[in-house]
Amino acid sequence: MFHTLSRYTTESVTSGHPDKVCDQISDAVLDACLEQDPRARVAVESFGSHGTLMLGGELTTTAKIDPEAIARQVYKDIGYTDELKVLNTIVTQSPDIAQGVDTGGAGDQGIMYGFATDETPEFLPKAVVLSHALARRLEALRRDNTLPWLRPDGKTQVTIDGGTVITALTSTQHAEEVSQDEIKAKLIEHLFTPILGDLTNIEILVNPTGKFVLGGFAADAGLTGRKIMVDTYGGIMPHGGGAFSGKDATKVDRSAAYMCRFAAKNLVANGHAKKALVSVAYAIGRVEPVMIEAFDDEGNNLTELVTKNFDFKPRAIIERLGLTKPIFRPTAAYGHFGVAGRPWEEVVKI
């Protein structure tokens, strides 16, 4: 059994947030490998800090790629124009790990969780949906030149009490010349009102520390896998601790978390629960999970229903969800769940 909160806060970040820049670079390297070699093994980390990006990790693949060029292109695509020094330390993966994975075993030990709720059409908590919507629109307002003084880095946050939004926040990078009064006024008009509607009883906070001119790697460090709560359920549900980006699907940190979400969403979509939490655990190199559990928020055990309809063996997950395709870079910003068209979001009959 698990409990959900009536009052809670979740956040999102824009694609230009330094941690998310790193996630997107790592997943772009993964996709580049999968485009040429669907069986590629990829574990890539990115670390950016003050004009420098370091790439590290392991590849086992026949693909011929240029990680440095990929990283620079992602950085440019996001909207940054400053110079970036790139250090590439990616090496060949240890064959000791491959021994167990080649036979269909899990690429690591660990615990993964999936959650779904009937609170929204996306089957996600309302504040998660709204914080991502605000962050996506913040980027859109920059890209379509509605607010030309916006810059790539930014964060959003939403607090809900009893299903009602009570506070909404954004901190956004901006050009030097624009005033904080104009930023707040324009964002109330173009960002908060279109997403949240009537703002009468909502506290709106914009750049609460003052100006935010320097952003991205110029102002801060970024690291792959440092926004795992933004990637999932906003911190209101458990997380096994494993990040997603830069990992191919033999890494159950990613693939099994997607499968848990797939199972949880379909429990709710098929009327078996209003809220569902699914968890699974693995031993490295072992095919069968060491644990599968599923419950609703009223304490009903749904494990038998899940194990009857969903196969959590790593190879079975990869096949059912089509995870050898280069589909991962778009997941690296604005959450991995609740986006139509992703295979783990499909509704099936159970």
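Every number in this text was worked out from the coordinates using simple rules, so none of it is lab data. Everything quoted here is computed from the prediction, not taken from an experiment. Quick reminder, even Gly has a Cβ in these numbers, built from the backbone with ideal geometry, and neighbours come from all protein chains shown.
Please report, in debye to the nearest 20, how large the charge dipole of the chain is about its Cα centre when each Lys and Arg carries +1 at its beta carbon and each Asp and Glu carries -1 there. Numbers along the way, then the final one.
Numbers: 36 positive and 45 negative charges, 78 e Å.
The dipole of the chain has a size of about 380 debye.
When the Karplus curve 6.51 cos²θ - 1.76 cosθ + 1.60 is applied with θ = phi - 60°, which whole-Hz ³J(HN,Hα) does each residue of region 161-169 get, with x for Gly and Pro?
For region 161-169, the Karplus curve yields 10, x, x, 10, 6, 10, 9, 9, 9 Hz.
Which order do the peptides 224-237, 277-290 take when ranked by the mean count of other beta-carbon atoms within 10 Å per residue, highest first?
Numbers: 224-237: 22.0, 277-290: 19.6.
Listed from highest to lowest mean packing, they are 224-237, 277-290.
Percent antiparallel among DSSP beta bridges with both residues in the chain, to the nearest 5?
On the way: 44 of 57 bridges.
The antiparallel proportion sits near 75 percent.
Amide H neighbours of residue 174 under 5 Å, at least 5 residues apart or on other chains, H built in the peptide plane: list them.
Correct list: 151, 212, 213.
Which residue, 292, 237, 335, has the largest displacement toward the positive end of the dipole of region 222-339 when charges sit on each Cβ (Lys, Arg +1; Asp, Glu -1)?
335
Highest mean first, how do 316-323, 126-133 rank when packing is the count of other Cβ atoms within 10 Å averaged over residues? Working shown, then result.
Details: 316-323: 18.0, 126-133: 24.2.
Top to bottom by mean Cβ count within 10 Å: 126-133, 316-323.
Starting from the Cα-Cα distance between residue 88 and residue 118, subtract it from 0.36 nm times their residue separation and give me the gain in nm to one decimal.
Values: separation 30, 0.36 × 30 = 10.80 nm, distance 4.41 nm.
Here the answer is 6.4 nm.
Would you mind checking which residues have amide H under 5 Å from residue 284's amide H? H placed 1.01 Å from N; only 5 or more apart, or other chain.
Excluding prolines and chain starts, which carry no amide H, the hits are 109.
Go ahead and run the numbers for FRET between residue 204 and residue 175, Cβ-Cβ distance against an R0 of 22 Å, rounding to 0.05.
Numbers: r = 21 Å, r/R0 = 0.96.
Result of the calculation: an efficiency of 0.55.
Hey, got the dipole for region 1-59? About the Cα centre, +1 on K and R Cβ, -1 on D and E Cβ, debye to the nearest 20?
Numbers: 4 positive and 9 negative charges, 46 e Å.
Dipole size: approximately 220 debye.
Could you please rank 138, 302, placing first whichever residue has the fewest other Cβ atoms within 10 Å of its Cβ?
On the way: 138 28, 302 19.
Fewest-to-most Cβ neighbours within 10 Å comes out as 302, 138.
Output the peptides 201-209, 148-156 sorted from most to least packed, where packing is the average of other Cβ atoms within 10 Å over each peptide's residues.
Numbers: 201-209: 13.0, 148-156: 22.0.
Put in order of decreasing packing, that is 148-156, 201-209.
What is the dipole size for region 296-350, taken about its Cα centre, with +1 at each Lys and Arg Cβ and -1 at each Asp and Glu Cβ, in debye to the nearest 20? Numbers along the way, then the final one.
Details: 8 positive and 8 negative charges, 97 e Å.
Value, rounded to 20: 460 debye.
Under 5 Å between amide H atoms, partner at least 5 residues away or on a different chain: which partners does residue 13 have, H built in plane at 1.01 Å?
Long-range HN contacts for residue 13: 156, 334.
Based on the Cβ-Cβ distance of residue 291 and residue 270, what FRET efficiency does E = 1/(1 + (r/R0)^6) give at R0 = 25 Å, to the nearest 0.05? Mind showing how you got there, number by number?
On the way: r = 23 Å, r/R0 = 0.92.
Once rounded, the FRET efficiency stands at 0.60.
Which one of 179, 200, 326 is farthest out on the positive end of the charge dipole of the chain, using unit charges on Cβ (Lys, Arg +1; Asp, Glu -1) and the Cα centre as origin?
Projecting each Cα onto the dipole axis, the largest value belongs to 326.
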